[in-house]
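The values are calculated or read from the model by the stated rules, or taken from the named source; none is laboratory data. In this text the structure is predicted, and so the values were computed from the model without any measurement. Cβ placement follows ideal geometry from the backbone for every residue including glycine, while neighbour counts extend to all protein chains displayed.
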Amino acid sequence: MTGRIIKCKRTHYSKEINQELNGEEVTIMGWIHEIRDLGGIIFVLLRDRDGILQITAPSKKVTPELFKQIQQLKKESVITVIGTVKGSPKAPGGVEIIPQNIELLNESKLPLPLDTTEKVRAEIDTRLDSRFLDLRKHSISSIFKIKSRMLHSVRLFLEENGFIEINTPKLVASATEGGTELFPITYFEREAFLGQSPQLYKQMMMASGFDQVYEIAPIFRAEEHDTLRHLNEAISIDMEAAFCDHEDVMITLEQLVVTAIKDVKDHCQSELETLEIDLKVPKTPFKRVDYDDMIDMVNSQGVPLRHGEDLSRAAEKAMGELINDYYFITGWPTDIKPFYVMPSPEDPQKSCAFDLMHADLEISSGAMRVHKHDLLMERIKKQGLNPDSFNRYLAAFEYGMPPHSGWGLGAERFTMCLTGASNIRETVLFPRDRRRLTP
Ligand code: ATP
Ligand code: MG
């Protein structure tokens, strides 16, 4: 029995049952993955969180009542099995359980809306409609175990490096920046919006003296995109740090990425095996590609991209053909980045903004921010925004705002890199996209 905090009659998870337990009585719990009735012997494959275990019931070795009970079991029903461990070279994992007692905890309805044994492939929409069943497949649950471990190691990395966790409001009065569409909501007698980014709040925190903050929370984007990389609700890993420039937070970002990858490799071996992923630890420092060079690289692939344009999907793909790894794009034109991005001191046409890419996928955007009030006002006006709607934010820049920098890293996009998922919906339990609001 392992030290568990949940009081449960289960003595072992499937993966804890091995030959060393030969002859011992165990209590296991889970779902019926498959039943094979060969007449004189019935095999029940019992699935739990971690794996699949074979329950072997030969008619000669179990009581007639128990044999009859097993014959009547239905797939995906939940059972408790008390039985004896027996080494068996033919069974999966080299062990089987000879049952003494089976308790049916809850019977499953049949037919199932989808095949949990993965022999019949289902469309993603069918799978998402019955997500609880879909998640019973180890190939699907592995994605979320990896995502959970990544978030754990990100938190640990930031905490160990002096960041404190903050929570900023998701009900907001106005847009964080121009460009992104917002979801309007009714806030008593007023109109409000769902937050598209914690950007302005984490910047205000830089005027608080906390120096280094992070937040892991949902962001809401009302864009009508229907792509494999966009959600309307996503989790953003955001950080902001004072008294530093964009180069400093780029180093934090690449170290965080490497730390998380190593941690996932160390702790999610069986999940990575299930997904057939050979995760490589990238070398640091990551390659830095200047925006101007990036234009040439994209054009050299036969994809048109002019100076002053953001990356088109075709341009992202062209870059992915050239660099199949993590890399930064730096030196972005100031005009195509948000107002809070610091123009470069050497050449104000260029900015102190960067994107972190993995092949053709943008996973993070960051920058050194403007910390001077007057320049910020000028930039807000130049981008056609109304400074009045930023009053409370702007005030933080009048009473001692230190220079600061930060980034936002998409948790789902990073999970795609870790799991090889090509559709971002695979990395969210219950995705929200243009068409999907349930379950
Ligand atoms: P893209 O250009 O790919 O649409 P973006 O530049 O609009 O992304 P940012 O505002 O820079 O996105 O957000 C920072 C990070 O948050 C992105 O790099 C990405 O990882 C994640 N992110 C942003 N929007 C979405 C979305 N709609 N769905 C999933 N992740 C997102
Ligand atoms: Mg971006």
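Odds and ends about this structure:
- Some residue of segment 331-345 being away from ligand 2 (no atom under 16 Å from the Cβ), surrounded by fewer than 19 Cβ atoms within 10 Å (Cβ to Cβ) and outside any loop (DSSP other than H, G, I, E, B): no
- Pick from segment 15-64, criterion among the small types (G, A, S) and in contact (Cβ under 8 Å) with a residue 60 or more places away in the chain, ranking: nearest to I79 (Cα to Cα): G51
- Positions within segment 301-350 being in contact (Cβ under 8 Å) with a residue 12 or more places away in the chain and acidic (D, E), in sequence order: E309, D310, E316, E321, D325, D335
- A count restricted to segment 366-379 and to residues that are out of contact with any strand residue (DSSP E or B) (no Cβ under 9 Å at 6 or more places or on another chain) and closer than 22 Å to A241 by Cα stands at 4.
- Qualifying residue in segment 37-44 (condition: modelled with pLDDT of 95 or more and touching a Leu at 6+ places or on another chain (Cβ under 9 Å)): yes
- G366 touching a residue at least 12 places away in the same chain (Cβ under 8 Å) and touching a Gly at 6+ places or on another chain (Cβ under 7 Å): yes
- Among residues of segment 372-384, those that are more than 20 Å from H307 (Cα to Cα) and touching a residue at least 60 places away in the same chain (Cβ under 8 Å), counted: 1
- Enumerated strands (runs of 3 or more DSSP E) restricted to segment 7-112, each holding at least 1 residues that are among the hydroxyl-bearing types (S, T, Y): 25-37, 52-58, 78-87
- Counting residues in segment 352-373 that are over 25 Å from R288 (Cβ atoms), more than 16 Å from ligand 1 (Cβ to nearest atom) and part of a helix (DSSP H, G or I) gives one or more.
- All positions within segment 416-435 that are surrounded by fewer than 20 Cβ atoms within 10 Å (Cβ to Cβ) and of a type in the set (S, T, Y): S422
For (1) of a type outside the set (V, I, T); (2) under 25 Å from P431 (Cβ atoms); (3) modelled with pLDDT under 95, each residue gets a yes or a no:
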residue: I98; (1), (2), (3): no, no, no
residue: E107; (1), (2), (3): yes, no, no
residue: L110; (1), (2), (3): yes, no, no
residue: R121; (1), (2), (3): yes, yes, yes
residue: S139; (1), (2), (3): yes, yes, no
residue: I146; (1), (2), (3): no, yes, no
residue: A173; (1), (2), (3): yes, no, yes
residue: P184; (1), (2), (3): yes, yes, yes
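- Residue count for segment 210-247, restricted to those that are in a loop (DSSP other than H, G, I, E, B) and of a type in the set (V, I, T): 1
- Residue in segment 363-370 that is away from ligand 2 (no atom under 15 Å from the Cβ) and surrounded by fewer than 21 Cβ atoms within 10 Å (Cβ to Cβ) present: no
- Screening T438 with (1) assigned to a strand (DSSP E or B); (2) surrounded by fewer than 16 Cβ atoms within 10 Å (Cβ to Cβ); (3) of a type in the set (S, T, N, Q) gives one miss only, at (1).
- When the residues of segment 374-393 are filtered to those that are outside any helix (DSSP H, G or I) and either of a type outside the set (G, A, S) or within 16 Å of ligand 2 (Cβ to nearest atom) (or both), the one that is surrounded by the fewest Cβ atoms within 10 Å (Cβ to Cβ) is N386.
- The one condition in (1) within 30 Å of T252 (Cβ to Cβ); (2) exposed (fewer than 15 other Cβ atoms within 10 Å of the Cβ); (3) touching a residue at least 60 places away in the same chain (Cβ under 8 Å) that G162 fails to fulfil: (3)
- For G308, the conditions (1) outside any helix (DSSP H, G or I); (2) more than 25 Å from the chain's Cα centre (by Cα); (3) on the phi < 0 side of the Ramachandran plot are fulfilled apart from (3).
- For M250, the requirement of being in a helix (DSSP H, G or I), out of contact with any Ser or Thr (no Cβ under 6 Å at 6 or more places or on another chain), within 15 Å of ligand 1 (Cβ to nearest atom) and of a type in the set (A, V, I, L, M) is met.
- Verdict on G420 being more than 16 Å from ligand 2 (Cβ to nearest atom), of a type in the set (G, A, S), more than 22 Å from M239 (Cβ to Cβ) and out of contact with any Ser or Thr (no Cβ under 7 Å at 6 or more places or on another chain): yes
- Looking only at segment 121-147, and only at residues there that are touching a Ser or Thr at 6+ places or on another chain (Cβ under 6 Å) and small (G, A, S), the one that is farthest from K75 (Cα to Cα): S142
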